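Everything below concerns the one structure shown next.
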Amino acid sequence: MASFKVNAQGSYITNDDRLMFAVEVKDEEDAPVTGLKKSNFKIWQLGHLFGNLSFFVVELEPIAGLEGH
């Protein structure tokens, strides 16, 4: 089974009740994992699964000069 490193940060969108999460997924060799879909993610907080959240997945392009940060 593959092992992945996941970094995530969530925040409420200003003037809205929706949550926004920025997630970075890397494989065992520290390479970015691409092609992920909504079905690849589940959002938990304090042991509670947020199964009814409406969200979408957008792949971000690497930002020149910020690689490795």
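Values quoted throughout were computed directly from the atomic coordinates according to the rules given, and no laboratory measurement underlies them. What you see is a predicted model; the values in this text were computed from it and never measured. Glycine also receives a Cβ, built like all others from the backbone with ideal geometry; neighbour counts cover every protein chain displayed.
A few comments on the model shown:
- ³J(HN,Hα), Karplus 6.51/-1.76/1.60, whole Hz, each residue of the stretch 11-18, x for Gly, Pro: 7, 6, 6, 3, 6, 8, 9, 7
- 20 Å reach of a label modelled at residue 53, 7 Å along Cα-to-Cβ, counting backbone N of the stretch 15-45: 15-26, 33-45
- Under 5 Å from the amide H of residue 33 lie the amide H atoms of 25, 26, 27, each residue being 5 or more positions distant or on a separate chain, with H modelled from the backbone and absent for Pro and chain starts.
- Each residue of the stretch 24-39 is assigned a 3J(HN,Hα), and the resulting list reads 10, 10, 10, 8, 4, 9, 6, 8, x, 8, 10, x, 6, 10, 3, 5 Hz, derived from the Karplus form 6.51 cos²θ - 1.76 cosθ + 1.60 (θ = phi - 60°), x at Gly and Pro.
- A Stokes-Einstein calculation at 37 °C with viscosity 0.692 mPa s, built on the Kirkwood radius of the chain over Cα pairs, returns a diffusion coefficient of 234 µm²/s.
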